[in-house]
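Input: a single structure, listed below in structure tokens.
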Amino acid sequence: MTEEAPSIAPLGDGALLVTLGDRIDPGLNERAHALAAAVERLRTTDTRFRRAVPAYASVLVPFDPIAVDPDEARRVVAGLLAEGPVEPPPSGPGAGKAGALVEIPVRYGGDDGPDLADVAALNDLRPSDVIELHAGTEYRVFFLGFAPGFAYLGPLSTQIATPRLAAPRERIRAGSVGIAGQQTAVYPFELPGGWRIIGRTDVAMWDLGRDSPA
């Protein structure tokens, strides 16, 4: 698949949004984290820029609009893009420890996973098939967002990819494991949300007492 040409657009008065693509793709996400890491390196010598925030296939690059003209900020970011892909360091923004595998024990179905049967039925599968497909995959942390410690994981198997609920729930328990499209995630706190809940874990997704809270 050919790489999309990136676009750089203003987002308010003090930020640029760099869009690298329009799909959930590990390669695009690598590029997003690499650009965020390049901005982080730039910040060591150019304090006009703020910490970049990577997402699936885009990067938000905040800057001080008093210290730098938006056109100049755009030229600087375009220059970073022109330098080509740069591997993000192990401690790059949102990247976590490179190569680290985190295993999360999950209880599927029942009160812990009220949507498991529906996910199975919507995909012409048995609940046990959904469990096997979900638990048998290693997921990439694409980025953190929505709430502290909420990691967007994927890609999820297309065999169990399921749309969000038509009406979000007002409360989803902390530790709930959800599916939304080709994404999966664990709710770090009790929160509202529309993801299909198929299980639950006792592992804390956010703990300020750890060296890395998320």
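The rows are residues; the columns are (1) among the β-branched types (V, I, T); (2) in contact (Cβ under 8 Å) with a residue 24 or more places away in the chain; (3) part of a strand (DSSP E or B).
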| site | (1), (2), (3) |
| --- | --- |
| L156 | no, yes, no |
| T184 | yes, yes, yes |
| P192 | no, yes, yes |
| I197 | yes, yes, yes |
#### Entry: segment 191-211, residues that are aliphatic (A, V, I, L, M), open to solvent by 10 Å² or more (accessible area, probe 1.4 Å) and closer than 11 Å to A180 by Cα
none
### Query
Among the listed residues R169, R140, which satisfies the condition of being basic (K, R) and either touching a Ser or Thr at 6+ places or on another chain (Cβ under 6 Å) or free of Cβ contacts under 8 Å to residues at least 40 places away in the same chain (or both)?
R169
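Every residue, every condition in (1) assigned to a loop (DSSP other than H, G, I, E, B); (2) among the small types (G, A, S); (3) open to solvent by less than 40 Å² (accessible area, probe 1.4 Å); (4) within 23 Å of Y139 (Cα to Cα), yes or no:
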position: L16; (1), (2), (3), (4): no, no, yes, no
position: E30; (1), (2), (3), (4): no, no, no, yes
position: D46; (1), (2), (3), (4): yes, no, yes, no
position: V77; (1), (2), (3), (4): no, no, yes, no
### The lone exception for P90 - which of (1) farther than 15 Å from I8 by Cβ; (2) at pLDDT 95 or above it fails
(2)
### Message
If I go through segment 199-214 residue by residue, how many of them are part of a loop (DSSP other than H, G, I, E, B) and either closer than 22 Å to T162 by Cα or of a type in the set (K, R) (or both)?
### Response
2
### Task
Consider only pairs whose beta carbons are under 6 Å apart and that are at least six residues apart or on different chains; among these, list those whose first residue lies in segment 50-75 and is under 20 Å from A37 (Cβ atoms) and whose second residue is surrounded by 17 or more Cβ atoms within 10 Å (Cβ to Cβ) and of a type in the set (F, W, Y).
P54/F143; A55/F143; Y56/F142; F63/F49; A73/F63
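The values are calculated or read from the model by the stated rules, or taken from the named source; none is laboratory data. Since the model is a prediction, treat every value here as computed from it, not as a measurement. For neighbour counting, all protein chains shown are included, and Cβ atoms are generated from backbone atoms with ideal geometry for every residue, glycine included. These accessible areas exclude ligands, DNA and RNA; they are computed on the full protein's heavy atoms, side chains included. Shrake-Rupley method; radii C 1.70, N 1.55, O 1.52, S 1.80 Å.
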